């Protein structure tokens, strides 16, 4: 006998030898949630986890990751690291991150704790347990990291309250709540497969590479530290889908419909990221279009979906629209946020000449034709001492909750509007994809908490803009135009060449 | 965009950080023909047609110290493909079908 157990033996000892089959309680009562979705599992032991983590290795490596991160945060705090950023405007991206992404990490922590309880098989239970702890670690490390900036800059102070209340943050919030209120298999496909495997690279990699390029070392470090867990989460997503597809042919159409739904839901969510990549990073890493082509078209459509063809799975429905939109998505979202930033937890401004030159280069077919004229108009208003803000509240899509800003496929100047009447009530959608999602489960989506409707119902602090903003938890300087904002003034003062102590 | 390649590629993205990460990249280059290495701020992208192998022995030789394959978790940022094998001696990433 060898001195030490191999990785396989240790993993088997943890996930198989410690498991038992209940005999005096009906297993269906122990695991009551894994039958109603119609998914058939014949052999839970066929689940494999290539990471083969055990309790001791998990903690050993997670502790090492945390040690590295906290060393960076210490050095950053001691060295006035916040002054080494490329520009204070960069932090708008991190404001969006702590408001909209960090609470999702916490939601994921809860979600995977639930899955860790409810799956019948010990392999997926343990993988979900590790992920649940990972997600809590991400929440904590992100808060610790960004608290370094919160000392000096606006927009980061009330992220939990904002996540629950602010209009654009209902986009990520409702996405996750949709997943968590589904059954365990659908929510696994939603988060682990469609979000973690299909789309997370689009979110994290440009975000973190952008942090690195813009002098934000702690965010880069937490990002890569979190992302190293993410590769385990991607594996859980891929193992899950392969396992379920291999267990029973009857699972295939159910899973296909979930892929169709959750691809579209996730894609609409990352619209916020698209504008972040193209408009919020002072030093650019890659454009949304390039990132989409690399991480989605090349790696997923030409890699993953070719692999899944074997099981009878085809690329997500409505994927063609996403491909068509890659030339226009980030611009349309950025323009909307520019108009509504009087009610947001970040600042926006007209991209400067250099920035527009880069956008022109990245989007030769669309930028000058469709978007440069809008920015020119906004700039002229600003030069004349004004600032263009939209007067009023936007209509939101009933499913993705993004304002109705998207255009018809092939016609980037006509806003796409779809309507469905359900039980005598009219519902509006931004796209065929969101309409399709609604029509599958209207009884679910009629319950959506739409921020604009809520304001009109009078439950968001009051009828006026200042009352709503106060209810959102926003403070002076958090919102509106960047030029002349508190962050901008502070940044200029801190970088003025004044001697120390003067 | 590089579409229509006859062999589907797989790849990993690693942190551009410590010597450890550099040695892992060198080991990947040594053990896999035709890898393409590219750089983004803070991160290194390694792509390989068909399959990508990380061998413990090669990494240990380059680092000059013992290295468990679990340590790969400290440098990996992301990957695409399917982790077909991860044991004490090697990690293999490839598509199954």
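The values are calculated or read from the model by the stated rules, or taken from the named source; none is laboratory data. A quick note: this is a predicted structure, and the numbers were derived from the prediction, not measured. Reconstructed Cβ throughout: ideal geometry from the backbone, glycine too, with neighbour counts over all protein chains shown.
Scanning segment A:294-315 for residues being under 24 Å from residue A:209 (Cα atoms), within 9 Å of chain B (Cβ to nearest Cβ) and touching a helix residue (DSSP H, G or I) at 6+ places or on another chain (Cβ under 9 Å) gives a total of 7. Checked against (1) out of contact with any helix residue (DSSP H, G or I) (no Cβ under 8 Å at 6 or more places or on another chain); (2) part of a loop (DSSP other than H, G, I, E, B); (3) under 26 Å from residue A:263 (Cβ atoms), residue A:419 passes all but condition (2).
Only a single criterion out of (1) under 27 Å from the mean Cα position of the chain (by Cα); (2) farther than 21 Å from residue A:340 by Cβ is not satisfied by residue A:365, namely (1).
Would you tally the residues in segment A:463-474 being in a loop (DSSP other than H, G, I, E, B) and at pLDDT 95 or above? The qualifying residues number 2. Only one of the listed residues (A:272, A:202) is assigned to a helix (DSSP H, G or I) and within 11 Å of chain B (Cβ to nearest Cβ). That residue is A:202.
Which of the residues that make up segment A:449-462 are buried (at least 16 other Cβ atoms within 10 Å of the Cβ), in contact with a strand residue (DSSP E or B) (Cβ under 9 Å, 6 or more places away or on another chain) and either modelled with pLDDT under 95 or not in a loop (DSSP other than H, G, I, E, B) (or both)? Within segment A:449-462, A:451, A:452 qualify. Note on segment A:208-222: among residues that are touching a helix residue (DSSP H, G or I) at 6+ places or on another chain (Cβ under 6 Å) and either within 23 Å of residue A:297 (Cα to Cα) or not in a helix (DSSP H, G or I) (or both), the one that is farthest from the other protein chains (Cβ to nearest Cβ) is A:215. Tell me yes or no: at least one residue of segment A:130-153 is surrounded by fewer than 19 Cβ atoms within 10 Å (Cβ to Cβ), more than 24 Å from the chain's Cα centre (by Cα), closer than 30 Å to residue B:72 by Cβ and in contact (Cβ under 8 Å) with a residue 60 or more places away in the chain. Checked segment A:130-153: no residue is surrounded by fewer than 19 Cβ atoms within 10 Å (Cβ to Cβ), more than 24 Å from the chain's Cα centre (by Cα), closer than 30 Å to residue B:72 by Cβ and in contact (Cβ under 8 Å) with a residue 60 or more places away in the chain. In segment B:70-80, the residue that is surrounded by the most Cβ atoms within 10 Å (Cβ to Cβ) out of those that are in contact with a strand residue (DSSP E or B) (Cβ under 9 Å, 6 or more places away or on another chain) and facing chain A (nearest Cβ under 7 Å) is B:77.
The residue that is modelled with the lowest pLDDT, among those in segment A:275-303 that are surrounded by fewer than 23 Cβ atoms within 10 Å (Cβ to Cβ) and outside any helix (DSSP H, G or I), is A:285. Each residue in segment B:45-69 was checked for being away from chain A (no Cβ under 12 Å), in contact with a helix residue (DSSP H, G or I) (Cβ under 7 Å, 6 or more places away or on another chain) and not in a strand (DSSP E or B), and 6 of them qualify. Quick check on residue B:92: is it within 12 Å of chain A (Cβ to nearest Cβ), surrounded by 16 or more Cβ atoms within 10 Å (Cβ to Cβ) and more than 22 Å from residue A:65 (Cβ to Cβ)? Spelling it out, residue B:92 is indeed within 12 Å of chain A (Cβ to nearest Cβ), surrounded by 16 or more Cβ atoms within 10 Å (Cβ to Cβ) and more than 22 Å from residue A:65 (Cβ to Cβ). From the list A:73, A:39, the one residue that fits, being touching a helix residue (DSSP H, G or I) at 6+ places or on another chain (Cβ under 6 Å), at pLDDT below 95 and more than 14 Å from chain B (Cβ to nearest Cβ), is A:73.
Could we say that residue A:174 is surrounded by 23 or more Cβ atoms within 10 Å (Cβ to Cβ), under 15 Å from the mean Cα position of the chain (by Cα) and not in a loop (DSSP other than H, G, I, E, B) here?
Considered against the rule, which asks whether it is surrounded by 23 or more Cβ atoms within 10 Å (Cβ to Cβ), under 15 Å from the mean Cα position of the chain (by Cα) and not in a loop (DSSP other than H, G, I, E, B), residue A:174 comes out as no.
Within segment A:36-46, the set of residues being assigned to a loop (DSSP other than H, G, I, E, B) and within 18 Å of residue A:245 (Cβ to Cβ) comprises A:37, A:38, A:39, A:40, A:41, A:42, A:43. Within segment A:338-350, the set of residues being closer than 23 Å to residue A:368 by Cβ and surrounded by fewer than 22 Cβ atoms within 10 Å (Cβ to Cβ) comprises A:339 only. Scanning segment A:9-28 for residues that are part of a helix (DSSP H, G or I) and surrounded by fewer than 12 Cβ atoms within 10 Å (Cβ to Cβ) gives A:17, A:28.
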